[in-house]
Amino acid sequence: MPPVRDIKLLTEKKLLVLENKAQEIRADILKMLEHAGSGHSAGSLGMADVFTALYYHVLVHDPKHPNDKNRDRLILSCGHIAPVHYTTLAHAGYFPKTELQTLRKFGSRLQGHPELGKLPGIENTSGPLGDGSSQAVGMAYVAKQEKLPFHTYCIMSDGELQAGITWEAALFAGRNVLHNMTWIVDRNNIQIDGYTEDIMPIEPLVQKFEAFNFHVIEVDGHNIREIVEACAYAQSIFEQPTVIIAHTTPGKGVDFMEFEPIWHGKTPKDKAELNRALKALRTLNNKITTEGN
């Protein structure tokens, strides 16, 4: 049984720094999407707090040594929210922030969906929804068999829980007690065709995961302290794998994007709409400052 990782609790000062960082990441997501002219806004904005918590406080990783064999693995199953992954990696020092403006351009390393080997920090090729769950399970299984210290995280959308491959992976994870793996579900209730519960209901989600022998934790996906504490708690559980259901607002921080399925795969259409979105971000929660930036 591997040692429990020491994920320290957040101080108020560190929490403010991370909240500010999440806002910087949201702003850069909007800029890159408007420049690209295509991509996915809602989920990328909605998961900025989760990615900030992971890369700036939870994950064992080193941008200067992205292939360290003991690094934690983060698998992005819902590859369409690549903008938040790319932006977080750039802010964390994996590649220059200026490269964000090449998103979806011909010859760019920042493709519409991430591809293994194109960028440092990318752990898997994603595209078909649901595949990441099996990729994460494979990595966690190898780590457990070979007694390697790293923890595997898998970010997945709620819409992809409609895919059978996810539940096949869950069966394997529960059967093999992959306690060294944590799934994080972006429960934003939307998918490309509308609301998940209108298209193919996935509730009762907690009971379903529990039936597959997962420990379930629910959090506010915009509360960085809750996210960090849930990840720390997950690593203290050795009897079963853990899934964190992160309840998020699609398009978080931009009033005209929030909860609107149309923004699942839509970007700001021009500079005027981009500036309108950035202005909304600057007043999020009325407490974002420049401290720590």
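Before moving on, here are some points about what is shown:
- Within segment 190-225, tally of residues that are in a loop (DSSP other than H, G, I, E, B) and under 13 Å from residue 162 (Cβ atoms): 6
- Looking across segment 233-262 at every residue that is at pLDDT below 95 and assigned to a helix (DSSP H, G or I), the one that is nearest to residue 217 (Cα to Cα) is identified as 261.
- Being buried (at least 20 other Cβ atoms within 10 Å of the Cβ) and touching a Leu at 6+ places or on another chain (Cβ under 9 Å) is true of residue 53.
- Residues that are touching a His at 6+ places or on another chain (Cβ under 9 Å), under 21 Å from residue 83 (Cα atoms) and not small (Gly, Ala, Ser) within segment 241-255 comprise 247, 248, 249, 250, 252, listed in sequence order.
- Filtering segment 35-78 to residues that are among the β-branched types (Val, Ile, Thr) and under 14 Å from residue 120 (Cα atoms) leaves only 75.
- Counting the residues of segment 91-114 that are surrounded by fewer than 17 Cβ atoms within 10 Å (Cβ to Cβ) and touching a residue at least 12 places away in the same chain (Cβ under 8 Å) gives 5.
- Unique match (being closer than 20 Å to residue 44 by Cα and touching a residue at least 12 places away in the same chain (Cβ under 8 Å)) among 155, 202, 217: 155
The values are calculated or read from the model by the stated rules, or taken from the named source; none is laboratory data. What you are looking at is a predicted structure, and each value in this text was computed from that prediction instead of being measured. Cβ sites come from the backbone with ideal geometry, for glycine too, and all protein chains shown count toward neighbours.
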